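We did not get these values from a lab; they are worked out from the coordinates using the rules stated. The structure displayed is predicted, hence computed values, not measured ones. Positions of Cβ are backbone-derived with ideal geometry, glycine not excepted, and every protein chain shown enters the neighbour counts.
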């Protein structure tokens, strides 16, 4: 009987300590993140943004892929249409099966 009481007290104390540990760890992580944010903010106040290199003008314009994009759209549209048709038929058959079963 005494062992059970001691075991319960130890488990209660262990849960209490685990909760306190979790709260302390969360507080530590919050403070560490805030310190990092303050460090970054302090560094950004004195810096001046410099351009490393002026952007180069492209030698050729980007090619249009209209035919490929239309082909991909066609294939995807067909796939979605087939999927939708199969789904509609499946659910129609499910409803018919439910109506065919005698109660």
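Details
- Only DSSP H runs of four or more residues enter the estimate; each adds -39500 (n - 2.57), and after division by the residues of the chain the mean residue ellipticity at 222 nm equals -28500 deg cm²/dmol.
- At an R0 of 35 angstrom, the distance between the Cβ atoms of residue 33 and residue 12 translates into a FRET efficiency of 0.60.
- When the chain is reduced to its Cα atoms, the Kirkwood hydrodynamic radius in Å: 23.8 Å
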